[in-house]
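Trainee: Handing you a structure now.
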Amino acid sequence: MDNSEWTGIVIAAVMAALAFGVARFATRYFAKRRAGQAEAVPQTAQSRQVRRANERKKK
């Protein structure tokens, strides 16, 4: 194989790895954001004592 073929394969592999990383980051970011929004709504209806107890459980 020529050097140009190897270069194309390396560029394709790097682009695939980069696309995978970006997709994974975006998925985690939006999932965390959605979870935060879903959690914020019920917290307003909870008392301060219940919220503190839930925070202690998470730690």
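Trainee: Give the accessible surface of the chain per residue, rounded to a whole number of Å², with probe radius 1.4 Å and ligands, DNA and RNA excluded.
Mentor: 96
Trainee: Leaving out ligands, DNA and RNA, and with a 1.4 Å probe, what % of the accessible surface on the chain is carbon or sulfur? Walk me through the numbers on the way to the answer.
Mentor: Details: 3510 of 5670 Å².
Of the solvent-accessible surface of the chain, carbon and sulfur hold 62 percent.
Trainee: Next question. What fraction, in whole percent, of alpha-carbon pairs in the chain exceed 13 Å separation?
Mentor: In whole percent, the share of Cα-Cα pairs in the chain beyond 13 Å is 74.
The values are calculated or read from the model by the stated rules, or taken from the named source; none is laboratory data. As the structure is a computational prediction, the values presented were derived from the model and not from experiment. These area figures cover heavy atoms from the full protein model, side chains too; ligands, DNA and RNA do not enter into them. Shrake-Rupley method; radii C 1.70, N 1.55, O 1.52, S 1.80 Å.
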